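Chemist: The following block contains the structure, expressed as structure tokens.
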Amino acid sequence: MNDSAQPDFHSGVNQGVAPVTYGQGNRPPRGDYAQARGDYTCEQHWERYSAAEHELYRRLHERQAAQLPGLACEEFIATLPQLGAPERIPRFDALSERLCRATGWEVVAVPGLIPEEAFFALLAKRRFPVTGWIRRPEEFDYVVEPDVFHDLFGHVPLLFNPVFADYMQAYGEGGLKASRLAACEYLARLYWYTVEFGLIATPAGLRAYGAGILSSAGELRHSVGSTLPRRRAFELERIMRTRYRIDDYQATYFVIDGFGQLFDATRADFTPIYARVAGAPEFEADTGDSGDADTRDHTASNTSG
């Protein structure tokens, strides 16, 4: 099971109601929205974390960091120390100071999943939403939606990378446009198969850069080394036509050649692309391809590091 979740949910006013997700799954999202502002941001309240919660974060960080060599992309490994000491959950304000100096981004606290337009608007302003709460001890190996560990460990390090940071802002700007074109689900799939569950081809072999993979105990090795999933070359329209699950390992991963490819993909006007995708058949999350052959464009990687 992947320790991750998705940023794709229907717009709505802040009335304390959990958003509805596009991803296929059986568990409703959680989160306390009572203290959220109009843009769904809230205070981190770092002082409220207990010693046990800090220790849980430390254990999660220690486990995942130990798995990274040979599985995570070097850009991620190089920027992970920017999170700070792993012994305690980072203070968002201190982390934002370092991040702003590097790429002009900051992290802001949110109660959990937030409506799509609020999510896009934050990204467009180079503000990354991070869930304030941390999973319960019994969820150490399994949490369906993003907690503070997933968001910080999985997402924030690559925001220190200038090219990836620009892609994230461009994604947010594109999302605001997609919401006006009733095309948010297509863009959600792009986010899922890149930012959350993306793989990158490197001279050393396949490596992970998606936050859902990097913060997961099991999916990191599964995505890079297993022979079970399909691995397809990055293809924008194919991604937009492919559904996904939020409560199991992915059956399909898409592989980029470099972060510049992601940024270039967001340059195009998506309006005609959305129109073509809307008239094309979709591909199921679990069953592979619908109507064409199973194509493994990328084989499992040598994970020896």
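Chemist: Is it true that some residue in the stretch 211-222 is within 15 Å of H150 (Cα to Cα), open to solvent by 10 Å² or more (accessible area, probe 1.4 Å) and assigned to a loop (DSSP other than H, G, I, E, B)? So that I can check it myself, show each step before the final result.
Modeler: Step one: of the stretch 211-222, the residues within 15 Å of H150 (Cα to Cα) are 211-220.
Subsequent filtering for residues that are open to solvent by 10 Å² or more (accessible area, probe 1.4 Å) retains 217-218.
Applying the additional criterion that residues be assigned to a loop (DSSP other than H, G, I, E, B) yields 217-218.
Checked the stretch 211-222: at least one residue is within 15 Å of H150 (Cα to Cα), open to solvent by 10 Å² or more (accessible area, probe 1.4 Å) and assigned to a loop (DSSP other than H, G, I, E, B).
Chemist: Then there's this: For residues in the stretch 141-165 being open to solvent by 10 Å² or more (accessible area, probe 1.4 Å) and among the β-branched types (V, I, T), which is modelled with the lowest pLDDT?
Modeler: V144
Chemist: Something else about it: Please go through the stretch 185-203 and pick out each residue that is in a helix (DSSP H, G or I) and either open to solvent by less than 10 Å² (accessible area, probe 1.4 Å) or among the hydroxyl-bearing types (S, T, Y) (or both). Spell out how you get there, then give the answer.
Modeler: Step one: list which residues in the stretch 185-203 are in a helix (DSSP H, G or I), which gives 185-196.
Correct list: Y186, L187, A188, R189, L190, Y191, W192, Y193, T194, V195, E196.
Chemist: Only residues that are of a type in the set (D, E) and in contact with a strand residue (DSSP E or B) (Cβ under 7 Å, 6 or more places away or on another chain): list them for the stretch 135-172, please.
Modeler: The initial filter retains those residues of the stretch 135-172 that are of a type in the set (D, E), namely 138-139, 141, 145, 147, 151, 166.
D147, D151, listed by residue number.
Chemist: Yes or no: the stretch 85-94 includes at least one residue that is open to solvent by less than 20 Å² (accessible area, probe 1.4 Å), modelled with pLDDT of 95 or more and in contact with a strand residue (DSSP E or B) (Cβ under 6 Å, 6 or more places away or on another chain). So that I can check it myself, show each step before the final result.
Modeler: Here is the first cut: in the stretch 85-94, the residues open to solvent by less than 20 Å² (accessible area, probe 1.4 Å) are 89-90, 92.
Next, only the ones that are modelled with pLDDT of 95 or more stay: 89-90, 92.
Pick out the ones that are also in contact with a strand residue (DSSP E or B) (Cβ under 6 Å, 6 or more places away or on another chain) and you get 92.
Yes, the stretch 85-94 has at least one match.
Chemist: Checking A233 against (1) in contact with a strand residue (DSSP E or B) (Cβ under 7 Å, 6 or more places away or on another chain); (2) of a type in the set (G, A, S); (3) open to solvent by less than 30 Å² (accessible area, probe 1.4 Å), only one condition comes out false. Which one?
Modeler: Failing condition for A233: (3).
Chemist: Could I ask something else about it? Quick one: in the stretch 120-140, of everything that is under 30 Å from E62 (Cβ atoms) and among the aromatic types (F, W, Y), which residue is surrounded by the fewest Cβ atoms within 10 Å (Cβ to Cβ)?
Modeler: So the residue we want is F140.
Chemist: Filtering the stretch 66-81 down to residues that are surrounded by 16 or more Cβ atoms within 10 Å (Cβ to Cβ) and small (G, A, S), which residue is farthest from L95 (Cα to Cα)?
Modeler: Among residues in the stretch 66-81 that are surrounded by 16 or more Cβ atoms within 10 Å (Cβ to Cβ) and small (G, A, S), the one farthest from L95 (Cα to Cα) is G70.
Chemist: Looking at the structure I just gave you, is G70 over 19 Å from D147 (Cβ atoms), at pLDDT 95 or above and over 18 Å from the mean Cα position of the chain (by Cα)?
Modeler: Numbers: over 19 Å from D147 (Cβ atoms): yes; at pLDDT 95 or above: yes; over 18 Å from the mean Cα position of the chain (by Cα): yes.
Yes: the conditions hold for G70.
Chemist: Only helices (runs of 4 or more DSSP H) wholly contained in the stretch 67-145 count here; list those with 2 or more residues that are without any contact (Cβ under 8 Å) to a residue 12 or more places away in the chain and not small (G, A, S).
Modeler: Numbers: elements: 74-79, 92-103, 116-124.
Ranges flagged: 92-103.
Chemist: Test of understanding: among E47, E62, E53, which residue is touching a residue at least 60 places away in the same chain (Cβ under 8 Å), surrounded by fewer than 21 Cβ atoms within 10 Å (Cβ to Cβ) and part of a helix (DSSP H, G or I)?
Modeler: The unique qualifying residue is E53.
The values are calculated or read from the model by the stated rules, or taken from the named source; none is laboratory data. These numbers were taken from a predicted model, which means no experiment stands behind them. When we count neighbours, we look across all protein chains shown, and the Cβ atoms used for this are built from the backbone with ideal geometry, even at glycine. Accessible surface areas use protein heavy atoms only, side chains included; no ligands, DNA or RNA. Shrake-Rupley method; radii C 1.70, N 1.55, O 1.52, S 1.80 Å.
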